[in-house]
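Coordinate-derived values only; no laboratory data. Just so we're clear, the structure is a prediction, and the values are computed from it rather than from any experiment. Quick reminder, even Gly has a Cβ in these numbers, built from the backbone with ideal geometry, and neighbours come from all protein chains shown.
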């Protein structure tokens, strides 16, 4: 019995230290990194390119996610729990975290699709890479998840008995529904799309390197990428790959 109590105490102590220190480090470095990313992507050289706008929105959503999720963890490390024991604050926190998480991930999906379109040999596909398409995509994604996660405002409650954390789903139906939404729409489906369009983009790039387009086709690109140097295109692709790894390591 004594050893069990000691184990529980040790786990609680380790959890408290992680909440205090690791969460703070992630919050600081994540915030600085994403803000720097937003500053770079908002420069005039990039702000008219659809892919950079997707990455910009992903970074902004990541900052919102960080500041919605991690300060609470840090405070819990110092046994300050009023922020998760307050009903309205509990609901709003989970609601904002869910939307920010979804938009950050799906903005990366949009960037991957845009890279695929830009690298295609088909003019019709390259012409789909436009700022107007990017704006429509972000609006649709934001609106969809804002409406989808309204159920969080009903499902999550503070002071739910017999649960691991203070702010939790009020019943089993709510918990299963939210978990499946997270699993399917924020983890599995985006992962499949990111992998698929990443492979397709690499195939397009290899095709254009091995069999470069000649003649008039070489000068026909979408309005937003006509004057973009090839080095910048490669830089954007590399940035997208880094963003993918960072986002999934951050949200996992």
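Here are the numbers for the structure shown:
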item	result
Footprinting exposure proxy for 167, 155 (fewest neighbouring C-beta atoms within 10 Å first)	155, 167
Under 20 Å from the residue 21 label point (7 Å along Cα→beta-carbon), backbone N, the range 68-97	70-80
Fully extended contour minus Cα-Cα distance, from residue 144 to residue 92, at 0.36 nm per residue	17.0 nm
Cα-based radius of gyration of the range 8-83 once divided by 2.2 N^0.38 Å, which approximates compact folds	1.45
